[in-house]
Amino acid sequence: MVMNVADVLSVYKKSGGIIDDAGAAAGAPAGGGGASFADALKNFAGDSVSTLKEGEKAATQAATGKADLASVVTAIDNAEVVLDEIVTIRDKALAAYQTISTSQI
């Protein structure tokens, strides 16, 4: 089942008013200047994409013989760690969404 992060956040918001209309967490000081959860996810997604692209670029350079082995291995390991993090976050978000969607309101 493929889900959009915005849909998950919308259900999370509707489920108990955890996030107010301004996007700040409940109980957080108003106008505290902190990033919202959605902003944190956007930043993480952007950083993840750039890390994965760096890994692909390093692999391409290794195939053409233009990069040293140590930098290629480092870039690919970083991309693998980021991919594992993305999968873990996705699994946790789906589990939370399924728990919320099956609970009685």
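All of the numbers you see were taken from the coordinates with simple rules; none came from a lab. Worth saying up front: this structure is predicted, and the values here are computed from it rather than measured. Cβ atoms come from the backbone with ideal geometry, glycine included; neighbour counts cover every protein chain shown.
Structural remarks
- 3J(HN,Hα) couplings calculated from phi for segment 51-60 with the Karplus curve 6.51 cos²θ - 1.76 cosθ + 1.60 (θ = phi - 60°) are, in sequence order, 5, 5, 5, 4, x, 5, 5, 5, 5, 5 Hz; Gly and Pro show x.
- Segment Leu94-Lys53, length gained on full extension (0.36 nm per residue, minus Cα span): 12.2 nm
- Residues Thr51, Thr88, Thr74, Thr64 in ascending order of nearby Cβ atoms (within 10 Å, fewest first): Thr64, Thr88, Thr74, Thr51.
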